[in-house]
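Enquirer: If you scroll down you'll find the structure; I have some questions about it.
Where a number appears in this text, it was derived from the coordinates with a stated rule and is not lab data. None of the values given here were measured: they were computed from a predicted structure. Here the Cβ is made from the backbone with ideal geometry for all residues, glycine too, and neighbour counts use every protein chain on show.
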Amino acid sequence: MNDAAYEHNGQHVSREAFYTVACDPRRSVAVEACAGAGKTWMLVSRIVRALLEEGESACEPHEILAITFTKKAAGEMRERLDQWLEQFAECSPEELVRELVMRGVEPAAALAAVPRLQGLYRRLLEGGRPVQFRTFHAWFAGLLRNAPLAVLRELGLPANYELLEDDAEARGHTWRPFFEAVTVDKNALADYYAVVATHGRSQTAKALGEALTKRVEFSLADATGVVDTGVQPVGVLLPSYADAADPAQVLFDTPAIRDALGAAAQALGRASASTFSAKGSELEQAIGARHAKGVLDALLTQKGEARKFSEKLAGLEQVRIAQGHAIEHSAARAQHAAWLFQQRMTRLTRLLIAAFADVKRAHGWVDMNDVEQAAQLLLGQSALSGWVQERLDARIEHLLIDEFQDTNPLQWQALYGWLSAYTGAGGRAPRVFIVGDPKQSIYRFRRAEPQVFIAAKKFVREGLDGELLNCDHTHRNARAVVGLVNQAMLAAQDAGEFDGYRAHTTERGDEGELLKLPAIDRDALGAAAEAAPADDGMLHWRDSLVTPRVPPEEQLLQKECEQAARWVAQRIADGTPPRQIMVLARRRNRLSAMQDAL
């Protein structure tokens with residue numbers, strides 16, 4: 001046992017003291033716990049203890065609301081509660097005392113609670129309204145069904161609607177009206193052609209698809225005017241480029257810069273080394289053709305750094321001055337390209353979101369984003385939240401949220417608007433229990449944001465006068481796995497890429513086994529491209545209608561998938577049954593790539 005892995009309000013405590021606080025239903029608690037720490041066990045244990053409360057703290061089963069993110073997880077929590085209560089109904093008093101003490105109950109109080117615990121299963125079976133195990137969207141959808149018409153009108157939602165749990169069909173119907181809107185607007189059409197010309201059709205489609213996925217965040221940000229200024233024009237960062245419509249104008253039309261480039265071309269052209277003189281010729285031709293990229297290629301490496309020339313080169317100082325101008329111009333080009341892309345995509349995204357909204361209205365559809373926005377309005381306004389609670393005839397005494405790291409900002413705003421109304425108002429807020437692990441927040445498709453967990457913990461502590469618990473002790477992973485996690489996370493923290501990580505420990509005594517494939521050199525793709533022979537002096541042609549452009553990062557991931565596939569194939573060839581091999585990936589297309597390689 002490692003008591004150093006348990007913290008209460010920033011102080012190390014024993015395991016017993018930790019669970020005494022975590023399972024106490026009379027306290028509001030926020031728990032940050034690593035994988036395998038028993039987060040769901042704590043949540044269901046709090047429900048059991050809440051059902052055992054007497055007197056002023058007593059509550060009915062339906063006054064307990066447990067929220068998670070999938071129907072499967074909600075069903076598993078309900079199943080675990082039912083299994084426990086069924087088992088407790090058959091246990092001896094001694095066994096029940098041990099179970100309650102394990103959940104933070106004092107021995108004397110545990111003994112007194114034995115009869116109630118033994119009868120709890122029958123009480124719930126005979127009761128008409130059970131504990132509520134819901135997903136966020138199911139609970140929010142229930143609020144929307146009882147919303148006043150004025151709320152629906154304010155949100156632009158139809159009174160009679162069909163709830164879409166999957167917006168794929170609506171998205172599919174959106175593209176035709178979107179492209180029709182682009183076609184009739186010459187400015188929008190110019191934006192679209194420019195983005196496609198720069199990034200290709202496939203990458204443009206991906207960017208627009210991602211913009212549609214992030215439509216709520218985009219719309220909220222756009223309403224406050226921050227989208228247009230999200231990327232600064234080049235002139236803000238580099239004043240010398242402020243008056244130029246194209247950064248190349250500064251490079252070729254500023255006398256001092258043009259003269260510096262010409263002097264560098266002459267200095268390199270006079271060099272005895274053929275490689276230096278060749279760069280001088282390249283630079284001279286690029287200046288004459290006003291070819292900015294040619295200037296950069298002659299003076300800078302592919303990484304954008306100044307090329308190395310001999311210290312004995314006559315005129316080296318002029319070359320260094322020209323390289324300085326080239327480096328500044330390279331930064332200006334990148335900033336200008338980013339600004340152009342952001343401005344064009346902003347305008348296209350507005351058209352895309354408007355087309356999506358028109359499609360939903362035409363079909364009478366309401367999606368999950370609409371549900372979240374409605375919940376924020378209903379729960380965030382005190383008059384409306386009171387109406388909702390009265391209409392639902394359900395006062396929530398206990399609110400428990402599992403896997404809180406997957407909560408998105410809009411969901412938290414809805415909860416915060418509701419719960420914060422109790423602070424300073426004299427009313428008794430629901431006791432809140434949130435548990436999760438920011439390190440496991442990988443569900444970006446849910447718009448999860450780990451910073452929400454930080455804000456929620458602060459509110460529990462300061463707004464609800466609650467407790468903060470941290471647990472870095474797992475019951476699931478072998479020592480070697482925990483050691484690897486510690487090594488990776490602590491290194492990331494030392495590099496400033498992560499914050500707040502504490503080394504984990506494990507209950508397991510076995511070492512386990514780790515197998516690690518060699519890392520693929522990120523420069524390998526670029527090096528391979530440079531080494532490829534240009535036998536005909538022509539660029540390799542790609543039919544953009546049928547072959548998408550694959551950026552270098554995607555090529556790198558493809559190589560990683562191929563390497564993993566070869567490893568799996570070798571294990572199978574060596575006699576390992578395929579059913580004993582599990583492959584986990586963040587995205588399905590990675591699995592498809594591995595399957596193709598196999």
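Enquirer: How would you rank 344-352, 404-412, highest first, on the average number of other Cβ atoms within 10 Å across their residues? Numbers along the way, then the final one.
Expert: Working: 344-352: 20.1, 404-412: 23.0.
Ranked from most to least packed, the peptides come out as 404-412, 344-352.
Enquirer: Can you give the convex hull volume of the alpha carbon atoms of segment 36-86 per residue, in Å³? The partial results should precede the final answer.
Expert: Values: hull volume 4.5 nm³, N = 51.
Each residue corresponds to 89 Å³ of Cα convex hull volume.
Enquirer: Can you give the relative contact order of segment 291-333 as a percent, counting alpha carbon pairs under 8 Å and 6+ residues apart? All intermediate terms of the calculation are to be shown ahead of the outcome.
Expert: Values: 23 pairs, mean separation 19.6, N = 43.
Result for segment 291-333 is 46 percent.
Enquirer: Taking the C-alpha atoms of the chain, how large are the radius of gyration and the largest Cα-Cα span, Dmax, in Å?
Expert: Every Cα atom of the chain included, Rg and Dmax give 31.0, 99 Å.
Enquirer: By its C-alpha gyration tensor, with a ≥ b ≥ c as the square roots of the eigenvalues, how is segment 1-131 shaped: rounded for a/c under 1.5, else prolate for a/b larger than b/c, else oblate?
Expert: Details: a/c = 1.71, a/b = 1.26, b/c = 1.36.
It comes out oblate by the Cα gyration axes.
Enquirer: With +1 on the Cβ of every Lys and Arg and -1 on the Cβ of every Asp and Glu, and nothing else charged, how large is the dipole of the chain about its Cα centre, in debye rounded to the nearest 20?
Expert: On the way: 69 positive and 79 negative charges, 155 e Å.
With Lys and Arg at +1 and Asp and Glu at -1, about 740 debye.
Enquirer: Suppose only helical runs count, i.e. DSSP H with n ≥ 4. What mean residue ellipticity at 222 nm does that imply for the chain under -39500 (n - 2.57) per run, divided by all residues and rounded to the nearest 500 deg cm²/dmol? All intermediate terms of the calculation are to be shown ahead of the outcome.
Expert: On the way: 26 runs with 337 residues, N = 598.
Mean residue ellipticity, 222 nm, calculated: -18000 deg cm²/dmol.
Enquirer: So for the chain: antiparallel DSSP bridges make up what percent, rounded to the nearest 5? Could the numbers behind the result be given before it?
Expert: Working: 6 of 32 bridges.
For the chain, the DSSP antiparallel bridge percentage is about 20.
Enquirer: How high is the relative contact order of the chain, in percent, counting Cα pairs under 8 Å that sit 6 or more residues apart?
Expert: Working: 754 pairs, mean separation 133.9, N = 598.
This gives 22 percent for the chain.
Enquirer: Then there is this: Longer than 24 Å from Cα to Cα, which of LYS206/LYS439; LYS39/LYS439; LYS206/LYS360; LYS279/LYS312 are they? Say none if no pair is.
Expert: Values: LYS206/LYS439 27 Å; LYS39/LYS439 14 Å; LYS206/LYS360 22 Å; LYS279/LYS312 16 Å.
Result: LYS206/LYS439 exceed 24 Å.
Enquirer: In percent, how large is the relative contact order of segment 80-132, given Cα pairs closer than 8 Å and 6 or more residues apart?
Expert: 44
Enquirer: Among VAL131, PRO107, PRO148, flag the residue with its Cα farthest along the positive direction of the charge dipole of segment 75-199, charges on Cβ as +1 for Lys/Arg and -1 for Asp/Glu.
Expert: Towards the positive end, the residue furthest out is PRO148.
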